[in-house]
Every structure is written in C-alpha cells, then in structure tokens.
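A short write-up of the structure that comes next.
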C-alpha cells in the first residue's frame with residue numbers, strides 16, 4: 001500500500017480540527033454576544049463545529065490504524081484499494097453534510113444533525129474499514145496485543161451503536177419520548193465509548209513504540225483495563241438520562257457500572273507513582289509529551305465523570321455546562337491530545353521530516369498555550385455549570401436571570417476558546433507543512 | 001490470559017449486551033405518561049422539531065444545546081404555556097431565529113410540546129437524596 005493514504009486521512013483530520021475549533025469559537029461568541037454574526041445562525045454553527053471535530057477524531061484514528069496495521073502489527077493490509085474508496089466516500093459525504101448545514105437542512109438529532117439519508121454512505125465506508133481491518137488482523141500469527149482488540153471493538157461497536165442511533169426512524173421508538181431519549185443516549189454513550197476504544201488503542205500503540213516494549217500491550221493488567229472499559233461502554237451510559245423516567249433498573253445498572261471506573265482512576269494514580277521518572281526522561285519526545293498530557297486529562301475527566309455519575313450530584317449538573325466540560329475535556333483534552341501524538345508519530349515516520357529548531361520551539365509553546373487555555377476553558381465550564389445548577393434548583397431563577405448571571409464566566413470561556421485555537425495552530429501548522437513538502441517532493445520524483 | 005479466555009470474556013459481554021439492549025428497548029421504557037397525547041399531529045410536530053434543529057438551542061430533559069431554555073415543561077409553566085409558545089414561534093426573538101413557520105407547523109409543534117409536557121418533569125427541583133447517592137423525586 002502507498003504510505004500516503006494514512007497521511008492523507010491524518011492531514012485532512014488536522015484541517016477539519018482547525019476549522020471545527022474555529023466554528024466552536026464563533027459559536028461561543030454567539031452565546032455571549034447575541035448579535036454576533038447574525039448571518040450564520042447558531043443553529044448552523046453548532047452542527048458545523050460538532051461534525052467537523054467528530055470528523056477529526058475519526059479521520060485521525062482511522063488513518064493511524066490503516067498505517068499501523070500495515071507497517072507495525074506483523075501483518076499487512078488486506079486491501080490497498082479500499083482505504084482510498086473509504087477516504088473518497090468520507091470526503092464526499094463530509095462535503096455534502098457541510099453543504100446541508102449551510103443550507104439549513106437538518107436531521108435534527110444530537111451529534112448527527114445532518115439529514116438521516118447521509119448516514120448510508122457513512123455506514124458503507126465503515127463497512128469497508130471493518131472488512132479490511134478484520135481480514136488483515138486475522139492473518140496475524142500469535143496473540144493480538146490489547147490495542148488490536150481495542151481497535152476491533154471500536155470498529156464493531158461503532159457499527160452497532162451507529163445503527164442503534166437510527167432506531168428513531170421506526171415509529172415504535174420515535175413516538176415514545178422516554179424510549180426515544182433512552183435509546184438515543186444509550187447509543188451515543190456507547191458510540192463515544194467505541195471511538196474512545198479507537199483512540200485509547202492508538203495511545204497504547206504509540207506508547208509501546210516509543211518505549212519499545214510490546215509487553216505492556218499483552219499484560220494481564222492491560223486486558224483487565226480493556227474489559228472494564230468495554231463493560232462501561234456497554235452498560236455505563238445512563239448518567240445522561242438519570243432524569244428521564246425510564247424503569248429504575250435501567251439507571252441503576254449504569255450507576256453501578258460507572259462506579260467500577262474508580263478502579264481505573266486508582267490504576268492511573270498507581271502507575272504515575274511508578275513511571276514519573278520515565279516520564280521526565282522522555283518528555284522531550286513530542287508524541288510522548290502529548291501522551292503524558294493526555295494522561296493528566298484522563299485523570300481529571302474521569303474524576304469529573306465519576307462525580308456526575310452519582311445521581312445526587314447529577315441532578316445539579318445535568319443539563320448544565322458541567323456536561324459540556326465532561327464532553328470537551330474528553331474530546332479535546334483526551335482524544336485530541338492523543339491523536340495529535342499519533343499524528344506526530346505517523347507524520348514523522350512517513351515523511352522522515354526533522355522539525356527545525358524554530359518549529360520545535362513553536363510546537364512546545366503551542367503545547368503549553370493549548371493546555372493552559374483548555375484548563376481555563378474547562379474550569380469555566382464547570383463553574384458556569386455548577387452556578388446554573390444551583391440557580392435553577394435551589395434559587396429557582398428563570399432562564400433569562402440565569403443567563404445574565406453566568407454571562408461573565410461564559411465570556412471568559414469564549415476568549416479561552418481563542419487561546420485553544422491559537423495553541424492548536426502552533427502545533428498543527430508545522431505538521432501540515434511537513435506533509436505538504438513531502439507530497440510535493442513525491443510529485444516531483446514521479447514527474 | 002490466553003487468547004481463548006479473552007475471547008470468552010468478550011463474547012459473554014456481547015451476549016449480556018444484547019439481552020440488556022432488548023430489555024431497555026421494551027420493558028425498560030414502556031411507561032409513557034403522555035401516550036394519549038402523542039396524536040398524529042404531535043408526531044408530525046416531533047419531526048418538525050428535528051427538521052428545524054430546535055435541539056441546537058433547546059433541551060428536552062436537559063439534553064440538547066444550552067442557548068435557549070429547557071422546553072420539557074414549558075407548556076405547563078406558570079406564566080408561559082401554549083399562547084406564549086405560539087407567539088414566540090411566530091416572531092422569534094433576539095436570539096431565537098424566526099423560522100417563518102406556517103400555522104399548521106406551529107399547531108403540530110405545540111401539540112408535540114403538550115405531549116412532551118405530560119411525559120415527566122425536567123429539571124427536577126423537588127427531590128430527596130438517599131443514603132446511596134440516588135434521589136427520589138417528590
């Protein structure tokens with residue numbers, strides 16, 4: 001297989017990320033300044049933001065997996081052609097989705113705000129990915145390392161949960177709001193869990209390559225953590241719908257399941273104690289630096305997730321910006337940082353590009369700016385959310401009164417979004433330049 | 001851990017997942033206090049709610065965007081209700097766009113919101129916290 005395909009997925013992903021975060025910034029300003037950018041309503045900005053950043057997560061994970069499977073997992077990709085078709089379908093569907101948003105044509109469901117018909121090409125492209133992955137992976141002799149299990153799980157469960165999220169098309173689900181909401185958030189909870197499988201698998205893969213020790217991906221502990229994560233993906237989603245009056249047991253199963261994640265929290269603390277000196281030693285390696293940062297974000301977000309999975313806390317935080325903090329912490333703090341690590345690894349591996357001293361300095365500055373403003377952003381969301389929760393429940397204020405009260409903190413939040421964006425540009429720009437030079441050079445050689 | 005143990009655990013989880021899903025799809029979500037109000041008109045209203053992407057700004061049961069208020073119980077909220085909803089939908093506000101809806105569309109959406117209102121309560125403001133961290137609605 002030509003190496004470009006992985007790098008094309010990843011660079012397209014990086015571009016989607018930048019544009020997606022840009023729309024996120026616009027949306028944040030519309031929140032605090034109602035007259036800002038009246039030409040494109042928030043009703044369009046929001047899905048543009050969400051779909052582009054979700055596209056980033058998928059493009060970068062998928063590009064990485066195609067490449068790693070072919071070059072690093074003691075197996076070869078079954079088909080070199082399917083990934084190209086996959087990319088084309090992805091790009092064409094993506095463009096169609098963006099056009100629909102601009103034209104105001106919606107499917108109007110959370111996450112998938114595009115018309116339902118466009119899920120068909122997504123479904124087909126995913127099938128191509130799945131077939132290729134399993135045909136390749138089953139040829140591998142010996143045990144799969146845990147990251148191959150995680151990728152496999154992510155692929156299968158994306159299928160299942162993506163389908164589940166379209167059950168609303170049947171009146172049986174659609175016309176009972178309790179069922180509709182419960183099934184929708186069951187599907188979404190597990191869907192996010194399945195892309196996390198792709199991303200965490202990638203993190204483990206990159207770690208094993210940097211440290212040069214494949215044993216961590218075969219250990220009993222690694223598999224225990226994987227199965228715990230998997231069980232949570234399957235059964236731990238109900239904190240989204242604690243207040244939806246489904247049967248009590250639906251919610252209790254999830255409450256119980258979520259609390260098992262305390263074990264994961266404990267494991268993180270435990271391994272930090274042991275690996276701190278190693279982290280210090282390798283911190284200069286770019287992908288490693290990002291993985292270490294993502295570890296900190298995993299810790300913070302897991303603590304937050306555990307807290308809001310307790311119904312007595314959830315009742316205050318649900319439907320507030322705390323939920324957004326949870327979502328942004330996971331998608332930006334964890335997923336994006338891990339995928340940036342993977343992008344650095346993959347791009348330098350393929351292009352053999354050495355970043356110049358200036359570029360390295362810029363990336364490092366970007367790294368700190370990005371993390372700093374993300375922290376400000378995250379904390380603002382939590383404060384705004386708690387404030388809103390208390391104002392709604394204890395003080396019983398009206399919507400307008402609440403929005404006025406939390407407006408100052410949302411303003412800080414909007415500006416910290418710009419900080420995140422600038423940090424990202426500093427990190428991503430050198431990577432895109434490296435890819436550009438590489439592709440140009442290739443073209444010259446060919447002509 | 002051998003590969004066969006790994007596979008065994010994997011398949012056990014998958015089987016449990018399918019059983020659990022079936023239960024959630026059926027007896028877990030059978031109760032619907034608003035059932036009688038989910039008329040044909042309200043069903044259309046729901047689809048319109050999606051078509052105009054109201055969820056970008058509004059929540060039902062706290063789920064959705066936060067630019068506008070939660071609409072779950074707006075129909076029965078003191079000082080709001082059907083007429084208020086109609087007026088807002090006809091005119092829009094500084095933040096909420098005017099969607100230029102037809103009379104019929106507004107009727108359907110209001111019918112849907114009436115149904116939603118009967119299904120339950122959001123946000124829950126009256127509750128008791130139990131010793132195990134769960135809550136009971138009062």
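The values are calculated or read from the model by the stated rules, or taken from the named source; none is laboratory data. None of these values were measured; they are calculated from a predicted model. A quick note on method: Cβ atoms are made from the backbone with ideal geometry, for glycine too, and the neighbour counts reach across all protein chains shown.
Quick check on the stretch B:11-58: of everything there that is assigned to a loop (DSSP other than H, G, I, E, B) and in contact with a helix residue (DSSP H, G or I) (Cβ under 7 Å, 6 or more places away or on another chain), which residue is farthest from residue B:104 (Cα to Cα)? So, considering only residues that are assigned to a loop (DSSP other than H, G, I, E, B) and in contact with a helix residue (DSSP H, G or I) (Cβ under 7 Å, 6 or more places away or on another chain), the one farthest from residue B:104 (Cα to Cα) is B:31. Does the stretch B:92-100 contain any residue that is within 30 Å of residue A:254 (Cβ to Cβ) and either free of Cβ contacts under 8 Å to residues at least 60 places away in the same chain or within 22 Å of the chain's Cα centre (by Cα) (or both)? No, the conditions are met nowhere in the stretch B:92-100. Going through (1) modelled with pLDDT of 95 or more; (2) at the interface with chain A (Cβ under 8 Å from one of its Cβ atoms) one by one, residue B:39 falls short only on (2).
Which members of the stretch A:343-397 meet the condition of being in a loop (DSSP other than H, G, I, E, B) and in contact with a helix residue (DSSP H, G or I) (Cβ under 9 Å, 6 or more places away or on another chain)? Listed by number, the residues that qualify are A:352, A:353, A:354, A:355, A:356, A:394, A:395, A:397. Residues in the stretch A:342-360 include none that are closer than 17 Å to residue A:416 by Cβ and under 26 Å from the mean Cα position of the chain (by Cα). Taken as a whole, the stretch A:186-201 holds no residue that is surrounded by fewer than 21 Cβ atoms within 10 Å (Cβ to Cβ), over 27 Å from residue A:132 (Cα atoms) and touching a residue at least 12 places away in the same chain (Cβ under 8 Å). State all residues of the stretch A:236-280 that are within 16 Å of residue A:302 (Cα to Cα), within 14 Å of another protein chain (Cβ to nearest Cβ) and part of a helix (DSSP H, G or I); if no residue qualifies, say none. Once the filter is applied, which keeps residues that are within 16 Å of residue A:302 (Cα to Cα), within 14 Å of another protein chain (Cβ to nearest Cβ) and part of a helix (DSSP H, G or I), the stretch A:236-280 yields A:238, A:239, A:240, A:254, A:255, A:256, A:257, A:258, A:259, A:262.
Residues in the stretch A:213-232 include at least one that is surrounded by fewer than 21 Cβ atoms within 10 Å (Cβ to Cβ), within 26 Å of residue B:63 (Cβ to Cβ) and facing chain B (nearest Cβ under 8 Å). Every listed requirement among (1) over 25 Å from the mean Cα position of the chain (by Cα); (2) surrounded by 15 or more Cβ atoms within 10 Å (Cβ to Cβ) is met by residue A:274 save one, (2).
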